[in-house]
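What follows is a single structure, written as structure tokens, with notes after it.
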Amino acid sequence: MTSTSAPLQDRFGRSVDYLRLSVTDRCDFRCVYCMAEDMTFLPRKQILSLEQLYDIASNFVQLGVKKIRLTGGEPLVRNNVMALVERLGKLEQLEQLHLTTNGAQLDKYAAPLKAAGLTGMNISIDSLQPDRFKALTRFGELSKVLAGIDAAVTVGFQRIKLNAVILKGRNDDEILDLVDFARHKNIDISFIEEMPLGQISEHDRAKSFISSEQIRDIIHARYPLTTSTETTGGPSRYHRMADSQSRIGFISPHSHNFCHLCNRVRLTVEGRLLLCLGNEHSLNLKEIIEAHPGDDGILQAALIKAMDLKPERHHFDLDGEPQIVRFMNTTGG
Ligand code: SAM
């Protein structure tokens, strides 16, 4: 069953045209807000093969998905991930193939990713101070990430954006440094509000919370910001500065619920299709493709039907136990 219209419609009139594909739950960092220090990762036999990831993704594209973001965990630690990028890069109906990465291996991968058809990437960076960077990521070397960002900028993608999670008392004094860094590199930057995904013990999420509004005010005092109506098809709301090409984005799952515009679904590397980042509504696609190998008709019918499971919105609450026990690395950031 192949369709050129937009068959992926949910009960609230939203069309889904964006798939976030988690290619691994493993990561070479352990960011303090993302993971516990001693994470247990999925056994290899439980995760989708690269072939299965491709099959599901290409069926989504046949159903009207125009943008795929490879994420994780750290996508670049998945063995042979380039083979998947190369195959996805050849899908003609796919308009944007993006990657979210910690940047640590980009000095090696930026050029082959571009050659394989990757069109854009988000690179996460929460601090420009080496010691602090290591403390926030538990393992990360800032110099490698900076080299990775430079490699990506040199190779040139349609779009490169930095992502920063700001925690009160940890890196909120670096908001303007991060903005200046993005301006200097002539790339965009988004600030993400911390979400209560998974149980962490390293800090109290409620105490470290800083809203997009507070961050915006700090930036606005130095660089007057004007709201932009531009969208890149994701959850960021953009602002512009008069004297720079760089845009400032805010991803505000707490303070500005963006659910009414949600056009996304996520596939975990275990093969679970998640209809919402902040809810557990899901469908086990691994079971379906393993019960009916190679049957695109059954898979596409399941994908269309799964849209009925997409909830209207998420509700995050920083007080008390997290309602969502899966960590961001399992969800696919
Ligand atoms: N390893 C890649 C990276 O570092 O970007 C991709 C996966 S990571 C889970 C994707 C994004 O999710 C990163 O920008 C990270 O900062 C963000 N993230 C992880 N846990 C989060 C949380 N609890 N709240 C908000 N953002 C989070």
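What the table below lists for this structure:
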{"read-out": "Wholly enclosed strands (runs of 3 or more DSSP E) of segment 1-110 bearing at least 2 residues under 17 Å from residue 273 (Cα atoms) and of a type in the set (Ser, Thr, Tyr)", "value": "18-22"}
{"read-out": "Failed item, numbered, when residue 79 is tested on (1) away from the ligand (no atom under 14 Å from the Cβ); (2) touching a residue at least 60 places away in the same chain (Cβ under 8 Å)", "value": "(2)"}
{"read-out": "Leading residue by the ranking (surrounded by the most Cβ atoms within 10 Å (Cβ to Cβ)) among those in segment 93-104 that are without any contact (Cβ under 8 Å) to a residue 60 or more places away in the chain and not hydrophobic (A, V, I, L, M, F, W, C)", "value": "103"}
{"read-out": "Failed item, numbered, when residue 181 is tested on (1) closer than 21 Å to residue 221 by Cβ; (2) surrounded by fewer than 18 Cβ atoms within 10 Å (Cβ to Cβ); (3) in contact (Cβ under 8 Å) with a residue 40 or more places away in the chain", "value": "(2)"}
{"read-out": "Complete set of residues in segment 151-166 that are small (Gly, Ala, Ser), surrounded by fewer than 17 Cβ atoms within 10 Å (Cβ to Cβ) and within 16 Å of the ligand (Cβ to nearest atom)", "value": "none"}
{"read-out": "Qualifying residue in segment 51-72 (condition: more than 20 Å from residue 284 (Cα to Cα) and among the aliphatic types (A, V, I, L, M))", "value": "no"}
{"read-out": "Failed condition for residue 199, given (1) closer than 27 Å to residue 329 by Cα; (2) loosely packed, with under 14 Cβ neighbours inside 10 Å; (3) touching a residue at least 24 places away in the same chain (Cβ under 8 Å); (4) out of contact with any Phe, Trp or Tyr (no Cβ under 9 Å at 6 or more places or on another chain)", "value": "(4)"}
{"read-out": "Count of residues meeting criterion [surrounded by fewer than 16 Cβ atoms within 10 Å (Cβ to Cβ), hydroxyl-bearing (Ser, Thr, Tyr) and within 16 Å of the ligand (Cβ to nearest atom)] in segment 23-69", "value": "0"}
{"read-out": "Test result for residue 114, assigned to a helix (DSSP H, G or I), within 15 Å of the ligand (Cβ to nearest atom) and either over 28 Å from residue 277 (Cα atoms) or in contact with a Pro (Cβ under 8 Å, 6 or more places away or on another chain) (or both)", "value": "no"}
{"read-out": "Residue ID - surrounded by the most Cβ atoms within 10 Å (Cβ to Cβ), chosen from residues in segment 303-329 that are within 20 Å of residue 41 (Cα to Cα) and at pLDDT 70 or above", "value": "329"}
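The values are calculated or read from the model by the stated rules, or taken from the named source; none is laboratory data. From a predicted model like this one, the values you see are computed outputs, not experimental measurements. FYI the Cβ positions are ideal-geometry reconstructions off the backbone, even for glycines, and counts take in every protein chain you see.
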